[in-house]
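Novice: Below are the structure tokens for one structure; questions will follow.
The values are calculated or read from the model by the stated rules, or taken from the named source; none is laboratory data. Bear in mind that the values here come from a model prediction, so they are computed numbers and not experimental data. Because the Cβ atoms are built from the backbone with ideal geometry, glycine has one as well, and the counts that use them run over all protein chains shown. Surface areas here come from the heavy atoms of the whole protein model, side chains and all, with no ligands, DNA or RNA. Shrake-Rupley method; radii C 1.70, N 1.55, O 1.52, S 1.80 Å.
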Amino acid sequence: MSYSFIKFNDEIVDSKIMMELTDLARLLLRNKEVTVSIRKYSYYDPVENTFNLSFFWKHRTDISEREGFRYDILTRYTSAFIMDYSQYDSIKDRNILAQQIFLSLEYYRNRRAAFHFRPLISSIVGKGDRIKIKEYSRKAATDAEYFLKKLNIAILEDSEVFSTFGKDFKLISTSTEESIHMTEVIMTELASHITLDTTFQIHDMPFNEINVFNQAKPFRKDAAKLNEEEELEENLTRNVDTKTARDAEDANVLGDTGDNTSRKSPHNRQNNHNDEVSDYYEGFGRNSGENDFEDRGRVNQHATLEVVRPKINISKYQEYRVIYESYNQVAQKVIGDITQILNYKMNAYQTRRTSGKLMKNPVGPLMENSHKLFVKKNIESKDLDAVFTIIIDQSFSMTEHLIGCRNAAIILNNILRTLHVPHRIISYHEDTFEVMKQYYPNKIYEHLDFEKSKYYYPVSLMNLEASGDNRDGLILRNEIDNLNQRSEKDRFIIMFSDGLPSAEEYNQSGIVDTHEAVQEARKSGIQVINMFIDQNNEENTLSAIRNIYDTDMIVVEDAEEIAFALPNLLKRILAKILM
């Protein structure tokens, strides 16, 4: 379904920024599965393995969104290493003021750890600190709010103690347990001076979710002192994969080095289908299949994938033939041009060689006193060493576009089948009617597999119907797995879509996930081409699609244009392979 950038609370975030921030968070947390989200408050959620960035940085004129969001990551990234979340249960049922004091002290511990292990951060976050101090200096509605604001100003100013009501309170904690004790000391003193009831918040943390997780599988306990945390030092200095150009900049600034070019994608796993498919074109197949593919990434951890092999309705053959014939002239033009190139390569001669068949007229070489008097005929295969996967998004937003995409797939099959190029044609959606908590069923409809593609027609495409949502990254990784097991030299994915990925718990993270899937394909030598139907989409959406697919995308205003644009694209691809 189509979304305008990444939406939350009727707001949008530039997807390119989200991709950069996700890479930065993964770089610093040394965790390739962490995701980035936008919430009211900034904090690292250990249960969901999500780095939440604060909405506070939106719509500001004194700092850019990118700078503000990066500030949150840089000042909190050590949460995953130094916090003892097993201790958080004792704070779960305390009032808001106690929780806010505790979280303020833990935030200070975060900042100090970040500065300790990467000293340059202290100069990078100065602008954000000044903005926060100005915000906390605004008039408070209650005494408790006033206290919290002054406490956090002291933290941002790197004070060792906080003075109030004639008392000096220690601010520097070296463990979660010590932060809890310091909170109790402060709360005891405040009880005789101010009203402890407040709804005002500066920080946040899902205490109840952490409590549930602790009961099931307790978090790792931390070392008590920063200077004793050898494990943290080790965690913060080993290498991690980075993907964007900004990652390299961040790694250099923050002290990370290392060559990651030899790392391999974790998705090179065998992907077998259990169902037999030999008879499904005749309607005798079991009409469903199991898929062993599993995306181990957190964003798709609850998504399942079922391969369905649709039966063919015999009554659709005539309708299919009409479409086939109406576009056959377009297809034959491409077939003719590619065949001509193939024939030329098969019949081409190499002249002036040192071995082979003697030239009929070697006058030129003899006059030049050259011994290269021979010719040799090229021995070229009549088949292209290429393979294609055609993917059609059949989510609800594609309702008006499926006919055009179907016709384009029929043309592709005509061209590739005639040229003996194996290809697979699928459509997909997430079944929104069956979605439950931690269960997101996705279906792939396999209209043609690689083995059958040289002989059969994808007649089941005539039954395409729009349904559900689109979890693009999951589907791409499944098809990357399939193509990685092919022996062809040149491998391509052509994907038809009309907007950004959207599925259950897959809006903000879905764009980043799809972008990463495309990058994984490129690392495996697979070119992913997006055929984007841009009908009444906002410029922001188009920009986000470009961020995902880069230059490998073709934009059409109407799906009917695809049937004429795609053959020319395919001709360029095949000609480039041959040349």
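Novice: So, in region 88-103, exactly how many residues are assigned to a helix (DSSP H, G or I) and surrounded by fewer than 19 Cβ atoms within 10 Å (Cβ to Cβ)?
Specialist: Of the residues in region 88-103, 4 are assigned to a helix (DSSP H, G or I) and surrounded by fewer than 19 Cβ atoms within 10 Å (Cβ to Cβ).
Novice: Do we have any residue at all in region 394-401 that's in a strand (DSSP E or B), over 29 Å from residue 577 (Cβ atoms) and modelled with pLDDT under 95?
Specialist: No, region 394-401 contains no residue that is in a strand (DSSP E or B), over 29 Å from residue 577 (Cβ atoms) and modelled with pLDDT under 95.
Novice: Let me ask something else about it. Could you please find all residues in region 72-84 being out of contact with any strand residue (DSSP E or B) (no Cβ under 7 Å at 6 or more places or on another chain), open to solvent by 10 Å² or more (accessible area, probe 1.4 Å) and either at pLDDT 95 or above or outside any loop (DSSP other than H, G, I, E, B) (or both)?
Specialist: Hit for region 72-84 is 81, nothing else.
Novice: Would you confirm whether or not region 439-448 contains a residue that is aliphatic (A, V, I, L, M), farther than 19 Å from residue 330 by Cα and open to solvent by 10 Å² or more (accessible area, probe 1.4 Å)?
Specialist: As a first pass, look at region 439-448 and keep what is aliphatic (A, V, I, L, M): 444, 448.
Right, trim to farther than 19 Å from residue 330 by Cα and you get 444, 448.
Remaining after also requiring open to solvent by 10 Å² or more (accessible area, probe 1.4 Å): none.
So far as region 439-448 goes, no, none of its residues is aliphatic (A, V, I, L, M), farther than 19 Å from residue 330 by Cα and open to solvent by 10 Å² or more (accessible area, probe 1.4 Å).
Novice: Would you mind stating whether residue 400 is open to solvent by less than 30 Å² (accessible area, probe 1.4 Å) and of a type outside the set (Val, Ile, Thr)?
Specialist: no
Novice: Right, something else. Failed condition for residue 186, given (1) at pLDDT 90 or above; (2) among the hydrophobic types (A, V, I, L, M, F, W, C); (3) open to solvent by 40 Å² or more (accessible area, probe 1.4 Å), with all others met?
Specialist: Result: residue 186 passes all but (3).
Novice: Go through the residues of region 421-439 one by one and say whether even a single one is within 19 Å of residue 531 (Cβ to Cβ) and assigned to a helix (DSSP H, G or I).
Specialist: No, region 421-439 contains no residue that is within 19 Å of residue 531 (Cβ to Cβ) and assigned to a helix (DSSP H, G or I).
Novice: Next question. Before we move on, is residue 323 open to solvent by less than 90 Å² (accessible area, probe 1.4 Å) and modelled with pLDDT of 90 or more?
Specialist: On the way: open to solvent by less than 90 Å² (accessible area, probe 1.4 Å): yes; modelled with pLDDT of 90 or more: yes.
When the stated conditions are applied, residue 323 passes them.
Novice: Given (1) farther than 30 Å from residue 190 by Cα; (2) open to solvent by less than 30 Å² (accessible area, probe 1.4 Å); (3) not in a loop (DSSP other than H, G, I, E, B), identify the lone condition not met by residue 63.
Specialist: Only one criterion is unmet by residue 63, namely (3).
Novice: Next question, about the same structure. Given the conditions (1) buried (at least 20 other Cβ atoms within 10 Å of the Cβ); (2) closer than 20 Å to residue 298 by Cα; (3) at pLDDT 85 or above, which single one is not true for residue 48?
Specialist: (1)
Novice: Same structure again: Does residue 18 fit the bill of being closer than 27 Å to residue 499 by Cα, assigned to a loop (DSSP other than H, G, I, E, B) and modelled with pLDDT under 90?
Specialist: Values: closer than 27 Å to residue 499 by Cα: yes; assigned to a loop (DSSP other than H, G, I, E, B): no; modelled with pLDDT under 90: yes.
Criteria not met by residue 18.
Novice: Please find, within region 104-123, the residue that is least open to solvent (accessible area, probe 1.4 Å) out of those that are free of Cβ contacts under 8 Å to residues at least 40 places away in the same chain and in contact with a Lys or Arg (Cβ under 9 Å, 6 or more places away or on another chain).
Specialist: 110
Novice: Can you find a residue in region 439-450 that is hydrophobic (A, V, I, L, M, F, W, C) and within 30 Å of residue 298 (Cα to Cα)?
Specialist: The answer is yes, given that some residue of region 439-450 is hydrophobic (A, V, I, L, M, F, W, C) and within 30 Å of residue 298 (Cα to Cα).
Novice: If you don't mind, another one. Among the residues of region 560-579 satisfying the criterion of being open to solvent by less than 30 Å² (accessible area, probe 1.4 Å) and touching a Lys or Arg at 6+ places or on another chain (Cβ under 9 Å), which is farthest from residue 390 (Cα to Cα)?
Specialist: Filtering region 560-579 for residues that are open to solvent by less than 30 Å² (accessible area, probe 1.4 Å) and touching a Lys or Arg at 6+ places or on another chain (Cβ under 9 Å), the one farthest from residue 390 (Cα to Cα) comes out as 578.
Novice: Further question on the same structure: Only residues in region 129-152 that are under 16 Å from residue 56 (Cα atoms) and part of a helix (DSSP H, G or I) count as the first member; pair them with residues that are among the aromatic types (Phe, Trp, Tyr) and modelled with pLDDT under 90, Cβ under 8 angstrom, at least 6 apart or cross-chain, and list the lot.
Specialist: none
Novice: Which residue pairs have Cβ atoms under 7 Å apart, sit 6 or more places apart or on different chains, and have a first residue in region 490-516 that is over 30 Å from residue 574 (Cβ atoms) and β-branched (Val, Ile, Thr) and a second that is in a loop (DSSP other than H, G, I, E, B) and modelled with pLDDT under 90?
Specialist: 511/500; 511/501
Novice: Just for region 195-205: of the residues that are of a type outside the set (Ser, Thr, Tyr) and crowded, with 17+ Cβ neighbours inside 10 Å, which one is farthest from residue 100 (Cα to Cα)? Show your work before the answer.
Specialist: Of all residues in region 195-205, those of a type outside the set (Ser, Thr, Tyr) come to 196-197, 200-205.
With the extra rule that they be crowded, with 17+ Cβ neighbours inside 10 Å, the set shrinks to 202-205.
Numbers: 202: 7, 203: 6, 204: 8, 205: 10 Å.
Selected residue: 205.
Novice: Given the residues 149, 127, which is the only one that is open to solvent by 70 Å² or more (accessible area, probe 1.4 Å) and not polar (S, T, N, Q)?
Specialist: Exactly one of 149, 127 is open to solvent by 70 Å² or more (accessible area, probe 1.4 Å) and not polar (S, T, N, Q), namely 127.
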